[in-house]
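Structure, as structure tokens:
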Amino acid sequence: MPQPAASDFRQHLEIETPEHVILDYEIAGVGSRALAAIGDTAVILLWLAASAYVLGQLFPSNSPWLAPILGLVSFVTLWGYYTFFEGLRQGQTPGKRWLGLRVVQDTGHPVTLGAAAIRNLLRVADFLPPPYLLGTLLVALHPRGKRIGDLVAGTVVVRDHPVLLGAVPPPPDNAAPAEPVGIPELSEQEFHFLREYAERAPELDPPIRTGLARRLTQRLAERYPNRPEDPEQFLAGLYRDELARRRGRFGARLAGGARPDGGGVVDRLVARKSTRWDEFHALAERAGREGLDAFAAAELPDFAARYREVAADLARARTYRAAPPVQVRLERLVAAGHNALYRDERRPAHRIWEFLVAECPASVILAGRVVLVAFLSFALPAAGGYLLLRERPALAEEVLPATMLERAEAGVERQRQGRGYVETDPDDRPLMASRIMQNNIRVAFACFGGGVFLGVGSLVLLAYNGLALGAVSGHFGNTGLLEYLWTFVIGHGVLELFAIWVAGAAGFLLGRALIAPGEYHRVDALLLAGRRALPMIGAVVVLLVLAGLIEGFVSASTMPLGYRLGVSSASLVFLVLYLGNGWRYLAGIRLEASATGHQKADG
């Protein structure tokens, strides 16, 4: 009586390729992903330690550039490590590669750099409440193991251990017999046992391998009286010879008959195609490392043909119920070929300039109405805070931080001395600029990530920052220092404030997709909103980097007011030109689409 199949509680993702072959991925769970994260954390710490050592050798300890550069390296590493490896290294960070995990698109295609950026920007939401409680719960409960970043990016983390059939090393050259001919000598059951031994032997401990070899040799001893004394050597030679016979012209004529479950077909398939599969595996590995651009013109059709051949072999293996190792091996080969053939071959380095100077401002133009909503979400609380503090000055002691109260008190004397709101020594300005950039970008990412909570997180951050700026301005106005405060803000404020509004608008896109998805399912609407929001965040980063440089080196300097106003005007001109370039990019796309439409109509 057949034994009932063991229950499989693992989550799976089935994807149909254009060749109508189903790829079955096992979805990674909380434990393996946590272990991968621990490994990646160790890599990050080692990288930061090495960076600190190298920078310490390049710069003297009293250099004003050591701390800011190290700070930027740490910031970029913490925010960019996962995006870089997942987006440019086929969905695998070192930790994921160690655990045999990979990030792929929901369609099974390789993860793009944009999708990797989205899923990792939203770690700020998955991290809440610390440490990573929301993300962990979602991975554990979601049917595809998705955290918030995966939902917005349309990605999933799967197990991707390469399963390769092992082989027993051939016997020494002086023991190699002549090329075997004729029909196979072993029955299907005997060859099945021999193949299982050959596949597993390299992974077994020597005592266990020797014991298995001795027992299997005893079973075949009567039929092969003239055999090597070493059982392992005997089985290695027999396996090699039997494989050769089954690859030969008489391979279909099996001793002992064929099994009704199709095992004979599978054994012949494995015997004839193993070498081809190994060759395709090497080609797929090369394509994964170097891309299809590295292939010569004559190699591309051969690679595509081999991919179709392996896909057909997978279909046969499933039809005849091949052993799981065979099916898994073929699935991994088909998946590797599928990823190589259908991934985007455009090099990110070749597109980065166009993305930053054209696509990013164009995305801001397209989301103009949402940016206006974000501006009002900031400006109205700012106006309210300003008016409230002007009417009720006593509230300043209750609502403003002690630091701002102290700066207002010292402002009268500083203004009388002709000093600005903040004036730093030249040696301290690089560090100030570095810290400002990091802080502002971090706030912008949080403002964007807060949008996944139905837009409430983005709204709260915009309103809070607006209210704080308005209240501080009202208090400084009460002390006659409003102009004194804004001569500091004006230099960098144009770019910084606009960037925060854009980040909030990007978060509102996520919130709107959840509240009002329109004709789409919420998951699809969220995915589309994430793709629209990503270039907006790219524009935010560009603007905040420039704003941080201006604030650290200009606003906090002793430059006269006229120079600061000039820098502010220049930043405004830059913003107009930046958005104008996005407008021209959109116009070019519309013109190209119109021309394509006319060509189709003429055709």
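In this structure, does residue 32 turn out to be hydroxyl-bearing (Ser, Thr, Tyr) and more than 21 Å from residue 156 (Cβ to Cβ)?
no
Out of (1) surrounded by 12 or more Cβ atoms within 10 Å (Cβ to Cβ); (2) modelled with pLDDT of 80 or more; (3) closer than 19 Å to residue 187 by Cα, what's the single condition that is false for residue 230?
It is condition (3) that residue 230 fails.
Among the residues of the range 397-436 satisfying the criterion of being of a type outside the set (Gly, Ala, Ser) and under 13 Å from residue 555 (Cβ atoms), which is surrounded by the most Cβ atoms within 10 Å (Cβ to Cβ)?
436
Any residue at all in the range 506-513 that's crowded, with 17+ Cβ neighbours inside 10 Å, in a helix (DSSP H, G or I) and more than 26 Å from the chain's Cα centre (by Cα)?
no
For the subset of the range 79-105 comprising residues that are in a helix (DSSP H, G or I) and out of contact with any Leu (no Cβ under 9 Å at 6 or more places or on another chain), which member is modelled with the lowest pLDDT?
Out of the qualifying residues, it is 97.
Tell me, please, whether a residue that is surrounded by fewer than 16 Cβ atoms within 10 Å (Cβ to Cβ), over 23 Å from residue 439 (Cβ atoms), at pLDDT below 85 and among the small types (Gly, Ala, Ser) can be found in the range 570-580.
No, that holds for no residue.
Does residue 51 satisfy the condition of being of a type in the set (Ser, Thr, Tyr), outside any loop (DSSP other than H, G, I, E, B) and in the same structural domain as residue 23 (by TED's automatic domain parsing)?
When the stated conditions are applied, residue 51 passes them.
Got a sec? Which of 153, 167, 175 is in contact with a Gly (Cβ under 8 Å, 6 or more places away or on another chain) and either modelled with pLDDT under 90 or under 30 Å from residue 244 (Cβ atoms) (or both)?
Of the residues listed, the single one that is in contact with a Gly (Cβ under 8 Å, 6 or more places away or on another chain) and either modelled with pLDDT under 90 or under 30 Å from residue 244 (Cβ atoms) (or both) is 175.
Please find, among 51, 7, the residue that is surrounded by fewer than 17 Cβ atoms within 10 Å (Cβ to Cβ) and modelled with pLDDT under 90.
The conditions single out 7.
For the range 297-308, state whether one or more residues are modelled with pLDDT of 75 or more, hydrophobic (A, V, I, L, M, F, W, C) and closer than 30 Å to residue 532 by Cα.
No, the conditions are met nowhere in the range 297-308.
Looking only at the range 544-570, how many residues end up being assigned to a helix (DSSP H, G or I) and either under 27 Å from residue 154 (Cβ atoms) or in contact (Cβ under 8 Å) with a residue 60 or more places away in the chain (or both)?
Number satisfying all stated conditions: 15.
Kindly state which helices (runs of 4 or more DSSP H) lie completely within the range 324-411 and contain at least 2 residues that are of a type outside the set (Lys, Arg) and under 28 Å from residue 494 (Cα atoms).
It comes to 348-354, 360-366, 368-391, 396-399.
Tell me the residue from 458, 473 that is surrounded by 20 or more Cβ atoms within 10 Å (Cβ to Cβ) and at pLDDT 95 or above, please.
458
The values are calculated or read from the model by the stated rules, or taken from the named source; none is laboratory data. The shown structure was predicted, so the numbers you read here are calculated from the model rather than taken from an experiment. Here Cβ is always computed from backbone atoms with ideal geometry, including for glycine, and neighbour counts include all displayed protein chains.
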